[in-house]
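These notes are about the structure you will find just below.
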Amino acid sequence: MSEVSLNTRRILLIVGGGIAAYKALELVRLLRKAGAEVRAVLTDGGAQFVTPLSLAALTGHPVHQALFSPDDETTMGHIELSRWADLVVVAPATAGLIAKAANGLADDLASTTLLATDKRVLMAPAMNVRMWQHPAVQANVARLGGFDGLHGVALVGPDDGEMACGEFGPGRMAEPAAVFAAIRTLLADAGGRPLAGRRAVVTAGPTFEPIDPVRGLTNRSSGKQGYAIAAALAERGAEVTLISGPVGLDAPDGVHRVWVETAVEMKVAVDAALPADIAVMSAAVADWRVDGVASGKIKKAPGGPPSLALIENPDILAGLSAPGPKRPALVIGFAAETRDLEENARAKLSRKGCDWIIGNDVSDDVFGADSNSVTLFRRGVADEIWPRQSKADVALTLVDRIVDHFA
């Protein structure tokens, strides 16, 4: 079975009650070291063995415990939490959690999340040997494994060994390294690279339109959002060409980067990257360039500053969106606005002819920041307003929508 990189993958860890809960801490450490993002749900039973503070320190995120929490319900309630993950891992999985999942019971945050998720679930059972061997537990395990498609639950373990209670036999939770290996294998088996075989072209950063050898017209785009999108597409298996204006960022792993400076150069590079299935035009392309770049540095003169004649740059997004044999199946543009976001983004969606527009209000601290708040605009579909989150998370959410679109 092939393995996938866990870099930027999102794991939701549900920690059940039992002495084996301490193993969940080592599992988080392994996942974070591999580059995965981890969020944790801690049951009341689990909190008897590990503290929320320990999990929060290791995951780098607040720990979710209560089903009805004002903070969670306004930011990442149990529905959004269940959708956020690429994989849900229950470790340790107690007899109670297994029974609830098998029979559709939802009376706490953990069981509600398991019922609400549309992602694969991996359970690492841990319980007394007699409990594990009880016909009711075995029937619940069999039922979980028999659910169709994504609702089927995979197991890792339990192992044979001595129990905390002194008995010996099957029931010990699998070691963290074994759970970690099962996560990697399951992500590959469950479509960890759903965009494999598809080609994507992404533009990022600003363009620079020279006035003379030392001056130019540009903008404040850092390229961080476009680079994050390119990385997320590559993680999902796409063959990605990243066409980048001048930025100080390293190329993401597995991404072919093409350096450009001007809008004209970017258009040439985009055309050369076709055909492609997916195009994400996140670069902040200058609308105008100087008509006639000075061959030498323009010096100050008594008559005041020079007059610059500007001409329009090529409209890369509109050209890419136009019907034709090389038009990508999905073209996504960006609308950076300082006011009237919805009105301007919707107008751009119609005017450019692209399929989706990502609108963001740049009147606040967005340029160069590591986080962003955006809205996804699509024809005939209600707007999706995403809460402010890291640009990496914006990218992952967008790529999830792309995967759903092609699925």
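Listed values, structure above:
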quantity: Those residues of segment 96-108 which are part of a helix (DSSP H, G or I), aliphatic (A, V, I, L, M) and surrounded by fewer than 22 Cβ atoms within 10 Å (Cβ to Cβ), in sequence order; calculated: A99, A102
quantity: Residue match in segment 300-320 (condition: modelled with pLDDT of 90 or more and basic (K, R)); calculated: no
quantity: Condition check for E235: acidic (D, E), at pLDDT below 95 and in contact with a Pro (Cβ under 9 Å, 6 or more places away or on another chain); calculated: yes
quantity: Number of the exception - S321 against (1) in contact with a helix residue (DSSP H, G or I) (Cβ under 6 Å, 6 or more places away or on another chain); (2) small (G, A, S); (3) at positive phi; calculated: (3)
quantity: Matching residues in segment 80-103 - criterion: being touching a residue at least 60 places away in the same chain (Cβ under 8 Å), over 18 Å from A21 (Cβ atoms) and aliphatic (A, V, I, L, M); calculated: L81, A85, L87
quantity: Strands (runs of 3 or more DSSP E) contained in segment 219-295 and holding at least 2 residues hydrophobic (A, V, I, L, M, F, W, C) and closer than 19 Å to R327 by Cα; calculated: 239-244, 278-281
quantity: Count of segment 109-128 residues which are farther than 22 Å from L187 by Cα and surrounded by fewer than 19 Cβ atoms within 10 Å (Cβ to Cβ); calculated: 1
quantity: Residue satisfying condition, being closer than 24 Å to H405 by Cα and over 17 Å from the mean Cα position of the chain (by Cα), within set T218, T203, T262; calculated: T203
quantity: Selection from segment 231-269 of residues that are in contact (Cβ under 8 Å) with a residue 40 or more places away in the chain, small (G, A, S) and surrounded by 21 or more Cβ atoms within 10 Å (Cβ to Cβ); calculated: A231, A232, A238, S244, G245, A263
quantity: Selected residue [surrounded by 14 or more Cβ atoms within 10 Å (Cβ to Cβ) and modelled with pLDDT under 85] from V362, V374, V394; calculated: V362
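The values are calculated or read from the model by the stated rules, or taken from the named source; none is laboratory data. Remember, it's a predicted structure, so these values are computed and weren't measured experimentally. As a convention, Cβ positions derive from the backbone with ideal geometry for all residues, glycine included, and neighbour counts pool all protein chains shown.
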